[in-house]
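Here is the structure we will look at, set down as structure tokens.
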């Protein structure tokens, strides 16, 4: 099971908020205080999360008394897989599943491991699934859409 760290979760919340605000008022900026207060998040962590999002190039900042953050990249152009890698680094079920010929990641079992190929295939399927979800989908998600995503996931399991 993939477990997102707090910064990544807050990043998704912040991007959704900024995106929705941008669609209603494209010239308006969003502050860390606004997001923290609206969702009941700790201000300091929210501010650091927004700085991290800025460092990844997903949002940009406007300085000054009326400063804040706006989208820098369209969320239609960013997959959930890319976002997770930007926020947390390479993702995998197990460390050896991300190993390449250029940067092998060996575990203590090395050549005796009988599940490495399986885990690599599983990792590839999860990455493909996450790559098919655009952050814009999350920003536009309502309860009904979440239910249909759940239905999609269950259909995939049956195949």
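A short reminder: the numbers here are calculations on the coordinates, not readings from a lab. Everything numeric here is computed off the predicted structure, so don't read it as measured data. Cβ sites come from the backbone with ideal geometry, for glycine too, and all protein chains shown count toward neighbours.
Distance between the modelled labels on residue 124 and residue 63, one decimal in nanometres: 4.8 nm (7 Å Cα→Cβ projection). Peptide packing for 5-17, 115-127 was compared via the average number of neighbouring C-beta atoms within 10 Å per residue; ordered from the highest value, the list is 5-17, 115-127. May I ask you to list the residues of the range 56-97 whose amide nitrogen lies under 15 Å from a point 7 Å from Cα along the Cα→beta-carbon direction of residue 27? Label zone hits: 66-67. Convex hull volume per residue, computed on the Cα atoms of the range 6-71, equals 76 Å³. Segment residue 133..residue 48, full-extension length gain: 28.1 nm, with 0.36 nm per residue of separation and the alpha-carbon distance subtracted.
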